[in-house]
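Visitor: Can you read through this structure? Questions will come right after.
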Amino acid sequence: MKINKEGYKIIGIAGVICLLIWWAFYRLLVSHSSVTLMWSGAVFLLLFWFFIVAFFREPRRVRIHDEDLVFAPCDGRVVVTEVVAENEYLHEEMLQISIFMSITNVHMNWVPVAGEVEYYKYHPGRFLVAWHPKSSVENERTTTVVRMASGQKVLFRQIAGLIARRIISYMKVGHVVEQNSVCGFIKFGSRVDVLVPRNSQLLVDLGDATVGSQTPIARLPKA
């Protein structure tokens, strides 16, 4: 299993902390002959560390290219499909598709369409639960707009959740990005919003599971 580079530091720190806790248990319990309790604690700490490692797993996936489709930017479940007024940059009504990532999902993020990054901004903010309606405008988040070769624009937001406190984005204005290339990572639970032209064809329903870079979520209108 390949581990994403964003996890190296956290995995190392978690490993050291687990070792220190186990050493403290050992010093405390060995004199009381509590061998079962001591090794139970060791197993629990090892499983916890493996959970941290698994959180930063980086799956191998086929990179799909289709200029008519918008792909899911992350693993998770669809929690919003509605028309909204986008007032940060595009200033028009857009079809919003929001995907919630649980703590057990892969937390890598992928670019849903190919094109040039026209706009990028990081917003500090609150840490409401990621499925809260106000999380899209009040939580810590990034906003990226990609202008496609057709001239159509797609906006997506990485949104921090109640547990997630660190958003990683590799997007820079002026960069040309490939569809379904890696665009970032969100640590420990979060959400991604994708806003496409209002007259796009929705390809997912509420509650549908998505696989990042593999599941088409909308079909763009003809330019």
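Visitor: Between 84, 145, 182, where does the largest GNM mean-square fluctuation fall for the chain, given springs only between Cα atoms within less than 10 Å?
Guide: 84
Visitor: Reachable lysines from residue 153, Cα under 29 Å, same-chain residues fewer than 8 places away excluded?
Guide: In chain and number order, the partners are 121, 134, 172, 187, 222.
Visitor: With every protein chain left in place and a probe of 1.4 Å, what is the accessible surface of residue 28, to the nearest 10 Å²?
Guide: Per-residue accessible area (residue 28): approximately 110 Å².
Visitor: Given that just one value was derived from the coordinates, which of (1) 0.95; (2) 1.04; (3) 1.18 is Cα Rg over 2.2 N^0.38 Å?
Guide: (3)
Visitor: Arranged from highest to lowest average of other beta-carbon atoms within 10 Å per residue, in what order do the peptides 100-110, 206-216, 61-71 appear?
Guide: On the way: 100-110: 21.0, 206-216: 17.5, 61-71: 15.5.
Final packing ranking: 100-110, 206-216, 61-71.
Visitor: Please report the net charge: other residues with Cβ closer than 9 Å to the Cβ of residue 100, K and R +1, D and E -1.
Guide: Values: positive: 77, 191; negative: none.
After counting each charged neighbour, the total is +2.
Visitor: Another question, if that's okay. Express in whole angstrom the spacing between the alpha-carbon centres of region 172-193 and region 75-104.
Guide: 14
Visitor: Here's another thing I want to ask about it. Ignoring ligands, DNA and RNA, what percent of the 1.4 Å accessible area of the chain is carbon and sulfur?
Guide: Ligands and nucleic acids excluded, carbon and sulfur reach 60 percent.
Visitor: Can you list the aspartates and glutamates whose alpha carbon sits under 19 Å from that of residue 2, skipping same-chain ones fewer than 8 residues off?
Guide: 58, 75
Visitor: Using Cα pairs closer than 8 Å and at least 6 residues apart in sequence, work out the relative contact order for the chain, in percent.
Guide: Answer for the chain is 24 percent.
Visitor: What is the local net charge at residue 169, summed over the other residues whose Cβ is closer than 13 Å to its Cβ (Lys, Arg +1; Asp, Glu -1)?
Guide: +4
Visitor: Once the other residues with Cβ under 11 Å from the Cβ of residue 191 are scored (Lys, Arg +1; Asp, Glu -1), what is the net sum? Mind dumping the intermediate values first?
Guide: On the way: positive: 77, 141, 157; negative: 193.
Result for the neighbourhood of residue 191: +2.
Visitor: Which residues' amide hydrogens lie under 5 Å from the amide hydrogen of residue 93, considering only partners 5 or more residues apart or on another chain, with H built in the peptide plane?
Guide: Placed amide hydrogens put 86 under 5 Å from residue 93.
The values are calculated or read from the model by the stated rules, or taken from the named source; none is laboratory data. Computed from a prediction, not measured in an experiment: that's the story for all the values here. Cβ coordinates were reconstructed from backbone atoms using ideal geometry, including for glycine residues, and neighbour counts include every protein chain displayed. In case anyone asks, the SASA skips ligands and DNA or RNA and just uses the protein heavy atoms, side chains included. Shrake-Rupley method; radii C 1.70, N 1.55, O 1.52, S 1.80 Å.
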